[in-house]
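Enquirer: Quick one: structure below, then a few questions.
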Amino acid sequence: MQETENYEICIVDNAKHPLDEGRLLRELEPATRNLIKADYPTAKVTDFICDHHLLKYQLLRVDSLINTDMKQSKKISRRLTKAMQSDDYDIIDVNDTLNKSLTVGQRVSDAVARFGGSWGFIGIFTFVLVAWMVINGMQLFGVKFDPFPFILLNLALSCIAAIQAPIIMMSQNRAADRDRMNSENDYHVNLKSEHELRILHSKLDNLTQNQLPHTLEIQKLEIEILGQIRNELDDIQRVQKSEDEVDKNQ
Ligand SMILES: [Zn+2]
């Protein structure tokens, strides 16, 4: 080969190499360049490294990329596992808990409130009222225990209203208990979901912001390494061919 000016000195072993058998440091990825600079602090961006020695640093770079990614994923997975384990709140079965703790009085008050709030109750009550007034007003069957204006009926209605109000309130208290337990359950479930969602977010962020670019960089390095291997193969074939020709000529 005549073009002696196209030779460069490899920074690693100071051997002479043709320009196309290596790269200048400024052509390399900053991360790979930094790896070389760590071993050769005096290296400048105009320095040259041959493909053979570059391969070692490219593999180192691939290695460190994979290691960082794995470390990061492990860290996030650990956080997720920890978050799942640290949740010691048991979701309350509201219906079960309330039904088990019901006393006889509470059951009765529930039944009364249920019946008091039905069309059946209104029908029966209206019928009783009308019957009371008709019987006493028209003196049917000769009965007249509460003549007009039905003062006894008034008293009875007042008594029923007075008793019914606290019974309905008792039932409503229990409805409030149920709401409170439900909202407590909801609160804890929301809290847990939010926590897990945040970790999932960081997992996704790590995937898109770190791992994906790293994967692309690894692919790029792989392609470069393959290109270098191909170049070396070409060289070997060329050398073999010329050796064969020398053999033939002899
Ligand atoms: Zn070299």
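Enquirer: Within 30 Å of Leu212 (Cβ to Cβ), touching an Asp or Glu at 6+ places or on another chain (Cβ under 6 Å) and within 16 Å of the ligand (Cβ to nearest atom) - does that describe any residue in region 27-43? Can you show your working first?
Expert: If we filter region 27-43 for residues that are within 30 Å of Leu212 (Cβ to Cβ), which is where we start, we get 27-39.
Filter once more, so that each one left must be touching an Asp or Glu at 6+ places or on another chain (Cβ under 6 Å): none.
No, region 27-43 has no match at all.
Enquirer: Could I ask something else about it? Is there any pair with a first residue in region 136-149 that is part of a helix (DSSP H, G or I) and a second that is open to solvent by 70 Å² or more (accessible area, probe 1.4 Å) whose Cβ atoms are under 7 Å apart and which are 6 or more apart or on different chains, and what are they?
Expert: Asn136/Lys144; Asn136/Phe145; Gly137/Phe148
Enquirer: Another question, then. Just need a number here: residues in region 1-26 that are assigned to a helix (DSSP H, G or I), open to solvent by 80 Å² or more (accessible area, probe 1.4 Å) and either near the ligand (Cβ under 10 Å from one of its atoms) or modelled with pLDDT of 90 or more (or both).
Expert: Result for region 1-26: 1.
Enquirer: Which members of region 164-201 meet the condition of being charged (D, E, K, R) and under 30 Å from Ile76 (Cα atoms)?
Expert: If we filter region 164-201 for residues that are charged (D, E, K, R), which is where we start, we get 174, 177-180, 184, 186, 192, 194, 196, 198.
Residues satisfying the conditions are Glu184, Asp186, Lys192, Glu194, Glu196, Arg198.
The values are calculated or read from the model by the stated rules, or taken from the named source; none is laboratory data. Predicted model only: the values in this text are computed from it and were never measured. Quick reminder, even Gly has a Cβ in these numbers, built from the backbone with ideal geometry, and neighbours come from all protein chains shown. Note: areas computed on protein heavy atoms with side chains; ligands, DNA, RNA excluded. Shrake-Rupley method; radii C 1.70, N 1.55, O 1.52, S 1.80 Å.
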